[in-house]
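The values are calculated or read from the model by the stated rules, or taken from the named source; none is laboratory data. Just so it is clear, the structure is predicted and the values come from calculations on it, not from any experiment. We place every Cβ from the backbone using ideal geometry, glycine too, and count neighbours over all the protein chains shown. Surface accessibility is based on the protein's heavy atoms, side chains included, excluding ligands, DNA and RNA. Shrake-Rupley method; radii C 1.70, N 1.55, O 1.52, S 1.80 Å.
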Amino acid sequence: MWKEFKAFALKGNVLDLAVGVIIGAAFGKIVTSLVEDLIMPIIGLIIGGVDLNGLHFKYGEAVLNYGTFLQTVIDFLIVAASIFLFIKLISKFKKKEENKPAAPPAPSNEEVLLAEIRDLLKEQK
């Protein structure tokens, strides 16, 4: 059982997935900082100096933090757009690789020998 788990865990796809998750988490932190520290304050200034993160609606003891929700939605949209553009870029490079014409295969030994025989027969005539 250990050998099977080791073979599974060390497959290229699993390692690639692990690296992708780690990079994705770090990228998520960068985007969250971008949204919280740059984009939301600018949006707040544009709409009159309102801190969107602090927007909330209070009804009795219940508090609805819709400003935090808006910030999370903007965060998601930026991550989704970034991933979309990244996948599109990768697909573009893959299409270029696929469109390259394959080099014609080298002639087999039999074809080379037959061509030599043909050439020798032409010389004898």
- request: Return a yes/no flag: does the range 2-14 have any residue that is farther than 16 Å from I83 by Cβ, modelled with pLDDT under 80 and assigned to a loop (DSSP other than H, G, I, E, B).
  value: yes
Can you confirm whether the range 51-67 contains a residue that is of a type in the set (A, V, I, L, M, F, W, C), surrounded by fewer than 13 Cβ atoms within 10 Å (Cβ to Cβ), out of contact with any strand residue (DSSP E or B) (no Cβ under 7 Å at 6 or more places or on another chain) and assigned to a helix (DSSP H, G or I)?
no
Only unsatisfied item for S82, checking (1) open to solvent by 60 Å² or more (accessible area, probe 1.4 Å); (2) under 30 Å from I23 (Cβ atoms), is (1)
Sole miss for V35 among (1) hydrophobic (A, V, I, L, M, F, W, C); (2) touching a residue at least 40 places away in the same chain (Cβ under 8 Å); (3) open to solvent by 50 Å² or more (accessible area, probe 1.4 Å) is condition (3)
Result of the Cβ filter at 6 Å on the range 48-75, keeping first residues that are within 24 Å of A25 (Cβ to Cβ) and partners that are small (G, A, S) and open to solvent by less than 70 Å² (accessible area, probe 1.4 Å), at least 6 apart or interchain, is N53/G67
